[in-house]
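Each value in this text was obtained by applying a stated rule to the coordinates, not by laboratory testing. All of these numbers come straight from a predicted model, not from anything done at the bench. FYI the Cβ positions are ideal-geometry reconstructions off the backbone, even for glycines, and counts take in every protein chain you see.
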Amino acid sequence: MSDIAANLERIRERISAACSRARRDLNSVELIAVSKTKPAEVIQEAVDAGQLLFGENRVQEVLLKKPLLPAKLRWHLIGPLQSNKVRKVLPLVEMIEAVDSLSIAKDINRIAGELGLHPKVLLEINVATESSKHGFSPVQIREQLEELYALDRLYIQGLMCIPPFDSTPETSRKYFSHLRALREELEKLGGAPLPVLSMGMSHDFEVAIEEGATLVRVGTAIFGGR
Ligand SMILES: *Cc1c(COP(=O)(O)O)cnc(C)c1O
């Protein structure tokens, strides 16, 4: 077995154990293999081990790698999107996970209209309100939710966050539970379900699952260092 196949098996076991601890259905959590910086040959090893969903943080990498890999793969853009890249990336990905401002949401909505698409998106929340980070602050998202829901091309499916990095996974827990609580509040405020919570990375995905993650984004623990 390749290292990548073994790593994937181990991650799947850990996801399963975290689901049991949290009394959650295993099918309620999906693993995104974050393949940024990794070449197509390496991604193919993960495909051979049964992984079909991948996350990339740069549009350029999706453009380069997607044509080299099986068409059945599903791709999520997990990094920030610039307006001049929207037209290129929209037809290539299943979900845009890091919609981090009203302005980019409007651009995606307009271009999706021109292309006849209805993209699935997540709203990125700056859970720790760090000035250096992308995303809506909790205050902003409450104020702008109505305008976001008026963008009728977008399927707003949920929220994502990247908490401040801390090597102790438990430190992330308060941010994950904050995102889940915010989701409930926004569901009431907007009158629409937000079923997807994308949270948790290599070092803290188990805590994220315990706090309700439905998508976990794992790179290093599958592919090794970058
Ligand atoms: C790189 C990246 C990940 C994966 O991080 P690892 O620590 O390598 O698991 C997850 N989410 C986003 C948004 C990323 O950019």
Please state the equivalent ellipsoid semi-axes for the chain: what are the square roots of 5 times the Cα gyration tensor eigenvalues, largest first, in whole Å?
-> 26, 23, 15
Final fewest-first order of D166, D204 on the 10 Å Cβ neighbour count is D166, D204
Specify the residue with the greatest mean-square fluctuation among A192, A213, A105, computed from a Gaussian network of the chain linking alpha-carbon atoms under 10 Å apart.
-> A192
Residue-wise HN-Hα coupling along region 214-226, computed from phi with Karplus coefficients 6.51, -1.76, 1.60 (Hz; x: Gly, Pro) | 10, 10, 10, 10, 10, x, 3, 5, 9, 9, x, x, 10
Figure the gain on full extension for T171 and T37 (residue separation times 0.36 nm, minus the Cα-Cα span) and round it to one decimal in nm.
-> 45.5 nm
So what's the back-of-envelope 222 nm ellipticity for the chain, counting only DSSP H runs of four-plus at -39500 (n - 2.57) apiece and dividing by all residues, rounded to 500?
-> -12000 deg cm²/dmol
Could you give the dipole magnitude of the chain about its Cα centre, charging the beta-carbon of Lys and Arg +1 and that of Asp and Glu -1, in debye to the nearest 20?
-> 360
Diffusion coefficient in µm²/s returned for region 119-184 by Stokes-Einstein, Kirkwood Rh over C-alpha pairs, 25 °C and 0.890 mPa s, is 193
If the convex hull is drawn through the Cα atoms of region 142-226, its volume per residue in Å³ = 113
Please report the relative contact order for the chain, taking Cα pairs under 8 Å with a sequence separation of at least 6, and give it as a percent rounded to a whole number.
-> 21
Pick from G113, G135, G158: which residue has the top mean-square fluctuation in a GNM of the chain where Cα pairs under 10 Å get a spring?
-> G113
When the convex hull of the C-alpha atoms of region 35-129 is computed, what volume per residue in Å³ does it have?
-> 106
Which shape class applies to region 10-58: rounded if a/c is under 1.5, otherwise prolate when a/b exceeds b/c and oblate if not, where a ≥ b ≥ c are the square roots of the Cα gyration tensor eigenvalues?
-> prolate
Members of K106/K174; K36/K85; K36/K66; K36/K65; K85/K120 lying beyond 19 Å, as alpha-carbon distances in this model show = K106/K174
If we count every other residue with Cβ under 15 angstrom of Q140's Cβ, Lys/Arg +1 and Asp/Glu -1, where does the sum land?
-> -4
In nanometres, what is the gap between the two model label sites at R12 and A71, each 7 Å from Cα along Cα-to-Cβ?
-> 2.6
